[in-house]
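A short worksheet on the structure shown next.
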Amino acid sequence: MDNAPAYRTVLDEVAPRLRRLRARHGLTLAALSEATGISKSTLSRLESGQRRPSLELLLPLAGVYHVPLDELVGAPEVGDPRVRLTPRPLPSGGTSVSLTRTPGPLQAFKMVIADRGTDPNLRTHEGYEWLYVLNGRLRLVLADHDLVLGPGEAAEWDTRLPHWFGSADGRPVEILSLFGRQGERMHVRAKPHA
């Protein structure tokens, strides 16, 4: 296995790290044994590198030292955690960025909608949509309703109803959108008032 030497090096570094942590916390082997339930001889062998660490031994030590297990072991980073978002132009103007990394029943998007004019072109399709206005003013035409939503306001609807949305004042509007192709609805739970 190509990664074996790298992991062996990580494991070899656990013993000195455990010694440093115990010294930093001012604990004796006896005190650490009492706090973790691990025998003094096992702790001594862990700190000298004569015994390989296991989860059964490391978890109580991480708890006593108040450090995450990754820090205790010095685990290597497993990848870049940043999400790389790819903006895509909207056919009617503006930009859409998918916030959902995997396929599923609900898809999330951040959109900046450019001015689409004042003559709405209503459409219908399968699904259910929820949107939240981040910035700007959004005009939402939904069947017989013609609404203007501002920052912090949200709307949801069955997309089989004729609908259209765009800028209410000719300036770009920024929204978050959740869309369920099969009619899935977003469920918002909030703590009830006392």
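Can you give the FRET efficiency to the nearest 0.05 for T124 and S44, using r as the Cβ-Cβ distance and R₀ = 45 Å?
0.05
Could you compute the FRET efficiency for R51 and A108, with r as their C-beta to C-beta distance and R0 at 41 Å, rounded to 0.05?
0.30
With an 8 Å cut-off on Cα pairs and a minimum separation of 6 or more residues, tell me the relative contact order of segment 18-175 in percent.
This gives 17 percent for segment 18-175.
Over segment 115-163, what per residue volume does the convex hull of the Cα atoms give, in whole Å³?
Taking only Cα atoms, segment 115-163 has a hull volume of 75 Å³ per residue.
Where a number appears in this text, it was derived from the coordinates with a stated rule and is not lab data. Because the structure is predicted, anything quoted here is derived from the model rather than measured. As a convention, Cβ positions derive from the backbone with ideal geometry for all residues, glycine included, and neighbour counts pool all protein chains shown.
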